[in-house]
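The values are calculated or read from the model by the stated rules, or taken from the named source; none is laboratory data. Just so it is clear, the structure is predicted and the values come from calculations on it, not from any experiment. When we count neighbours, we look across all protein chains shown, and the Cβ atoms used for this are built from the backbone with ideal geometry, even at glycine. Side chains included, ligands, DNA and RNA excluded: accessible areas come from the protein's heavy atoms. Shrake-Rupley method; radii C 1.70, N 1.55, O 1.52, S 1.80 Å.
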Amino acid sequence: MTFGEQPAYLRVASDLREKIVNGSLPPHTRLPSQARIREEYGVSDTVALEARKVLMAEGLVEGRSGSGTYVRERPVPRRIARSGYRSAAGASPFRQEQTAEGVHGTWESRSEQEGASAEIAERLAIEPGDRVMRTRYTFREAGEPMMLSTSWEPLAVTGRTPVMLPEEGPLGGCGVVERMAAIDVVVDNVAEQVGARPGLAEELLALGGVPGHVVMVIERTYYASGRPVETADVVVPADRYRVAYHLPVR
């Protein structure tokens with residue numbers, strides 16, 4: 001087999017990747033053994049091993065203890081709709097957006113007070129150590145974990161009000177806009193930044209992923225007259241979902 005100028009392990013990985021993508025190596029098929037790769041491609045054991053590592057890092061194959069390395073089933077990415085604030089009263093943006101997509105979503109949450117870290121303090125325009133309410137969410141689609149979110153709200157804004165706990169009280173489960181409006185804070189802007197990184201061990205455990213999988217991270221902040229009143233990190237498994245934005249034209 002004639003190769004170009006790429007390092008040998010990348011060339012081998014590229015050829016095996018193509019076979020996985022075109023179906024020559026279908027899901028649940030055992031990947032050729034290290035000895036077979038060495039023989040077929042005329043490479044060393046080290047090159048064969050590194051090529052397999054590349055495919056594992058890309059999430060195309062997985063190791064099974066005592067059995068070998070197998071081609072993973074490639075999930076068909078599903079949509080997570082994000083269209084910003086909607087005016088329907090009494091429902092969270094997650095509930096509104098997933099209903100619009102025909103998805104039956106549920107979530108669980110836990111809130112607790114803490115001192116703001118330097119990063120969160122900068123995002124909320126407060127001092128490090130100022131008290132915030134942190135709420136961690138796990139969102140599910142048909143029982144399957146699909147998204148994690150951690151939000152922080154400055155207690156200087158919500159403390160000792162009926163909306164101090166986002167998921168409790170008369171407006172529990174409503175979106176940030178409705179909750180803030182109840183305490184005369186008018187949210188007029190929201191900003192989101194989307195990035196990607198390898199998932200943290202605890203994130204992948206909660207989302208049903210494996211080490212090395214990539215997650216999308218949406219950093220969201222709500223503002224009222226330029227003042228940040230809530231910021232959140234939304235974590236989505238990149239191999240299973242696509243984030244779809246529906247933005248109004250003004």
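What is the number of the single condition among (1) at pLDDT 90 or above; (2) in contact with a Phe, Trp or Tyr (Cβ under 9 Å, 6 or more places away or on another chain); (3) under 29 Å from Thr138 (Cβ atoms) that Ser83 does not meet?
(1)
Which residue pairs have Cβ atoms under 6 Å apart, sit 6 or more places apart or on different chains, and have a first residue in the range 92-120 that is over 14 Å from Arg134 (Cα atoms) and a second that is assigned to a helix (DSSP H, G or I) and at pLDDT below 55?
Taking only residues 6 or more apart or on different chains, the pairs are Gly105/Gln98.
Give me the residue from the range 111-162 that is in contact with a Phe, Trp or Tyr (Cβ under 9 Å, 6 or more places away or on another chain) and aromatic (Phe, Trp, Tyr) and, out of that set, modelled with the highest pLDDT.
Only one residue fits best here, namely Tyr137.
Residues being at positive phi and within 20 Å of the chain's Cα centre (by Cα): count how many of those fall in the range 173-226.
Number of matching residues: 2.
What number goes with the only condition from (1) open to solvent by 50 Å² or more (accessible area, probe 1.4 Å); (2) in contact with a Ser or Thr (Cβ under 9 Å, 6 or more places away or on another chain) that Pro26 does not pass?
(2)
Is it the case that Ala51 is surrounded by 16 or more Cβ atoms within 10 Å (Cβ to Cβ), small (Gly, Ala, Ser) and within 32 Å of the chain's Cα centre (by Cα)?
When the stated conditions are applied, Ala51 passes them.
If Glu144 passes every condition in (1) more than 30 Å from Val61 (Cα to Cα); (2) open to solvent by 40 Å² or more (accessible area, probe 1.4 Å) but one, which one does it miss?
(1)
Assigned to a helix (DSSP H, G or I), modelled with pLDDT of 75 or more and not hydroxyl-bearing (Ser, Thr, Tyr), is that true of Glu108? Before the answer, list the steps.
On the way: assigned to a helix (DSSP H, G or I): no; modelled with pLDDT of 75 or more: yes; not hydroxyl-bearing (Ser, Thr, Tyr): yes.
Spelling it out, it is not the case that Glu108 is assigned to a helix (DSSP H, G or I), modelled with pLDDT of 75 or more and not hydroxyl-bearing (Ser, Thr, Tyr).
Could you tell me whether any residue of the range 204-222 is farther than 23 Å from Ile120 by Cα, part of a loop (DSSP other than H, G, I, E, B) and β-branched (Val, Ile, Thr)?
Yes, the conditions are met somewhere in the range 204-222.
Output the qualifying pairs, or none if there are none: Cβ atoms under 6 angstrom, residues six or more apart or on different chains, first residue in the range 218-236 and in contact (Cβ under 8 Å) with a residue 24 or more places away in the chain, second residue among the aromatic types (Phe, Trp, Tyr).
Val229/Tyr222; Glu230/Tyr222; Thr231/Trp152
Of all residues being in a loop (DSSP other than H, G, I, E, B), touching a Leu at 6+ places or on another chain (Cβ under 8 Å) and open to solvent by less than 30 Å² (accessible area, probe 1.4 Å) in the range 156-203, which is farthest from Glu114 (Cα to Cα)? Just the residue, please. First the steps, then the outcome.
Taking the range 156-203 and keeping what is in a loop (DSSP other than H, G, I, E, B), we get 159-175, 182-188, 199-200.
Cutting the leftovers down to touching a Leu at 6+ places or on another chain (Cβ under 8 Å) gives us 162-164, 172, 182, 199.
From what's left, open to solvent by less than 30 Å² (accessible area, probe 1.4 Å): 163, 199.
Details: Val163: 17, Gly199: 24 Å.
Here the residue is Gly199.
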